[in-house]
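So the structure is just underneath, and the comments pick up after that.
The values are calculated or read from the model by the stated rules, or taken from the named source; none is laboratory data. On a predicted model such as this, the values are computed, not experimentally measured, just so you know. A quick note on method: Cβ atoms are made from the backbone with ideal geometry, for glycine too, and the neighbour counts reach across all protein chains shown.
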Amino acid sequence: MKHINVGKKNDLSVKAIEADGRYHPMTDEDARFEQPDVEIGYDSGVYPGITLEELPQYICDKAASTK
């Protein structure tokens, strides 16, 4: 599994799979049945304009842009 950091502290992480040139976030339940391709570390805090539901995909998109 590859590790990508998109923040400075990287005190939180999201597991994701890679498909169609993008990363797609996985839930803990998903990870029980399929091996994640990447673990993305990011900083805890406030992300203005991003809801909690949108945050995992936002982090995945940021990680894809740092490839």
Verdict on Ile50 being in a helix (DSSP H, G or I), at pLDDT 95 or above and either touching an Asp or Glu at 6+ places or on another chain (Cβ under 7 Å) or aliphatic (A, V, I, L, M) (or both): no
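Based on this model, can you work out whether Ile59 counts as part of a helix (DSSP H, G or I) and either in contact with a Leu (Cβ under 6 Å, 6 or more places away or on another chain) or modelled with pLDDT of 95 or more (or both)? Walk me through how you get there before you give the answer.
Numbers: part of a helix (DSSP H, G or I): yes; either in contact with a Leu (Cβ under 6 Å, 6 or more places away or on another chain) or modelled with pLDDT of 95 or more (or both): yes.
Considered against the rule, which asks whether it is part of a helix (DSSP H, G or I) and either in contact with a Leu (Cβ under 6 Å, 6 or more places away or on another chain) or modelled with pLDDT of 95 or more (or both), Ile59 comes out as yes.
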Residue ranges of strands (runs of 3 or more DSSP E) in region 1-40 with at least 3 members surrounded by 14 or more Cβ atoms within 10 Å (Cβ to Cβ): 12-19, 22-25
